[in-house]
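Presented below is the structure to which this report refers.
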Amino acid sequence: MKVRSGSVVLLLSAFVVATSLVATIHGANPLTPSAVVAHEWGTFTSIAGEDGQAVTWQPLSGPTDLPCFVTRLNPNSYKSFAGFDPVRAIKATVRMETPVIYFYSPRREVMRVNVQFPRGVITEWYPRAYVPTLPINDLSTVRGQATWIGVTVQPDALAPRFLREREPSHYYAARETDATPIAVVNESEKFLFYRGLASFDVPIRATIADDGRVAVENVSPRSIPQLILFQNSGGRMGFRVAGELDAAVTLDMPPLTANFETLRPELQEMLVTQGLYEREAAAMIETWRDSWFDEGTRLFYIVPRAAVDELLPLTIDPAPAEIARAFVGRIEIITAAVLDDVEQAILTNNLPKLLTCGRLLDAIIARIRTRPSLAGRQEKIDNMMRLVAASHAAEPRCQ
């Protein structure tokens with residue numbers, strides 16, 4: 001077969017153009033392995049019921065804590081078999097909080113990032129992502145996801161400008177790392193951010209024994225790498241490091257002789273051991289400083305990496321040279337003292353006290369509704385809950 005020289009030139013030109021296009025998409029020669037390092041951290045928050053298992057609650061019922069430029073799920077972006085319900089009323093057993101994915105690369109690269117959330121739904125995200133509409137009736141039957149296309153890692157970016165509002169937010173603390181800036185379309189950031197709600201069983205059960213100690217049981221097939229019991233009572237803090245948990249352990253409440261600065265090194269080392277860089281671990285702790293260490297009793301534990309990959313499959317294309325994922329499980333333990341305080345606040349119309357419970361209030365009220373001392377007071381409870389809902393600020397709107 002004879003091919004004219006002009007055709008050869010055209011074919012070669014087309015091949016060069018196609019090769020250049022692929023190289024542009026991937027940010028380098030397509031045969032060159034990705035130099036990207038990806039690190040992610042996040043939190044799975046749940047509330048322990050009387051039997052120690054995670055209970056259903058309304059994680060979005062409290063006031064918002066995100067800047068207005070973050071995209072949020074809204075009543076028109078999902079379907080419910082029972083009709084449209086307010087987003088704040090969505091019930092779940094787990095709140096997936098603020099996973100952020102950092103990228104590091106010596107050269108400019110472009111990626112597609114997809115995170116799947118079996119038995120859950122993505123509720124907030126930034127920068128721009130594709131988040132499909134789902135029928136939200138039973139979260140345990142859905143498979144949420146978010147996809148970022150054209151995530152450009154920009155080591156050559158000169159003084160990138162990240163959005164920031166005047167109002168303070170712990171969102172910004174996550175930027176305090178050495179991660180390479182990224183851009184998706186025209187939105188720049190230091191990381192990919194998302195949150196979600198889900199209904200699945202957490203690997204730990206936690207109950208308070210009659211003697212006041214906390215009984216913790218690992219009900220998963222995997223060892224829990226690290227476990228910490230924390231308590232803040234009236235501003236006085238204490239924590240007890242229990243280490244690795246294979247089966248079960250009963251912990252005494254910690255003496256309230258510590259403070260945030262004594263606990264920080266323990267948490268930071270725990271995160272670095274999971275593959276995070278020092279500044280990433282510090283950023284995660286600073287992000288959750290107000291929430292993790294406020295009034296209450298809770299357990300912190302490291303979610304095994306294999307469990308994270310099952311609960312939250314992550315795909316990055318082209319595949320990074322390295323991926324680290326560090327997720328902290330957080331279990332809120334509602335003590336008898338908390339239940340008594342909320343009951344008293346209901347009976348005395350103490351709205352400020354109820355507001356201190358934040359998004360945990362719904363789960364606390366569910367525990368005390370059947371108390372004999374509140375018999376015939378259901379309407380009063382409902383009225384106080386309406387006042388709590390009305391006190392929350394409206395979702396912010398970007399101008």
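Between Glu322 and Arg166, with labels modelled 7 Å along Cα→Cβ, what's the label distance in nm to one decimal, could you check?
That separation, rounded to one decimal, is 4.3 nm.
Kindly count the pairs of lysines across the chain whose alpha carbons are less than 26 Å apart, treating pairs on different chains or eight or more residues apart as eligible. Don't jump to the answer; show the numbers that get you there.
Details: Lys79/Lys91; Lys91/Lys353; Lys91/Lys380; Lys353/Lys380.
Close lysine pairs under the 26 Å cut-off: 4.
Charges at C-beta only: +1 for Lys and Arg, -1 for Asp and Glu. How large is the resulting dipole of the chain about its Cα centre, in Debye rounded to 20? Numbers along the way, then the final one.
Details: 40 positive and 44 negative charges, 278 e Å.
That gives a dipole near 1340 debye.
How high is the FRET efficiency from Asp51 to Lys380, r the C-beta distance, R0 30 Å, rounded to 0.05?
Numbers: r = 28 Å, r/R0 = 0.93.
Once the sixth-power term is evaluated, E becomes 0.60.
If I model a spin label as a point 7 Å beyond the Cα along the Cα-Cβ vector, how far apart are those points for Ala248 and Ala209 in nm?
1.0
Using a simple charge model, +1 on the beta-carbon of Lys and Arg, -1 on the beta-carbon of Asp and Glu, nothing else, what dipole does the stretch 202-259 show about its Cα centre, in debye to the nearest 20? Show your work: numbers first, answer last.
On the way: 5 positive and 6 negative charges, 40 e Å.
Dipole magnitude for the stretch 202-259 comes out near 200 debye.
Using +1 at the Cβ of each Lys and Arg and -1 at the Cβ of each Asp and Glu in the stretch 204-267, identify which of Leu267, Asn218, Val241 lies farthest towards the dipole's positive end.
Highest projection toward the positive end goes to Leu267.
Report in % the part of the accessible area of the stretch 177-225 that belongs to carbon and sulfur, leaving out ligands and nucleic acids; probe 1.4 Å.
Working: 770 of 1860 Å².
Taking all protein chains in place, the stretch 177-225 shows 41 percent carbon and sulfur surface.
With every protein chain left in place and a probe of 1.4 Å, what is the accessible surface of Met237, to the nearest 10 Å²?
40
What is the Cα convex hull volume of the chain when expressed per residue in Å³?
Taking only Cα atoms, the chain has a hull volume of 186 Å³ per residue.
Could you check how much of the accessible area of the stretch 231-371 is carbon and sulfur, as a whole percent, using a 1.4 Å probe?
Working: 3010 of 6040 Å².
Answer for the stretch 231-371 is 50 percent, counting heavy atoms of protein chains only.
When ligands, DNA and RNA are left out and all protein chains stay put, how many square angstrom of accessible area per residue does the stretch 136-243 have with a 1.4 Å probe?
Working: 5060 Å² over 108 residues.
Value for the stretch 136-243: 47 Å² per residue.
Which one, Val142, Val100, Gly42, projects farthest toward the positive side of the charge dipole computed for the chain from Cβ point charges (K/R +1, D/E -1)?
The one lying farthest along the dipole's positive direction is Val142.
Provide Asp362, Asp309, Asp51 ordered by accessible surface of protein heavy atoms (probe 1.4 Å), highest first.
These residues rank, largest area first, as Asp51, Asp309, Asp362.
Using the charge dipole of the stretch 288-387 (Lys, Arg: +1 at Cβ; Asp, Glu: -1 at Cβ; taken about the Cα centre), state which of Ser291, Asn349, Leu312 has its Cα farthest towards the positive end.
Of the listed residues, the answer is Asn349.
Quote to one decimal, in nm, the extra length available between Ala336 and Glu187 on full extension: 0.36 nm per residue of separation minus the C-alpha distance between them.
Contour length minus the Cα-Cα distance gives 48.9 nm.
Does the stretch 242-313 come out rounded, prolate or oblate, given a ≥ b ≥ c as the square roots of the eigenvalues of its C-alpha gyration tensor, rounded meaning a/c under 1.5 and, failing that, prolate meaning a/b above b/c?
Details: a/c = 1.81, a/b = 1.16, b/c = 1.56.
Oblate shape, in that a/c is at least 1.5 and b/c is the bigger or equal ratio.
The values are calculated or read from the model by the stated rules, or taken from the named source; none is laboratory data. Computed from a prediction, not measured in an experiment: that's the story for all the values here. When we count neighbours, we look across all protein chains shown, and the Cβ atoms used for this are built from the backbone with ideal geometry, even at glycine. What goes into the accessible areas is simple: the full protein's heavy atoms, side chains included, and nothing from ligands, DNA or RNA. Shrake-Rupley method; radii C 1.70, N 1.55, O 1.52, S 1.80 Å.
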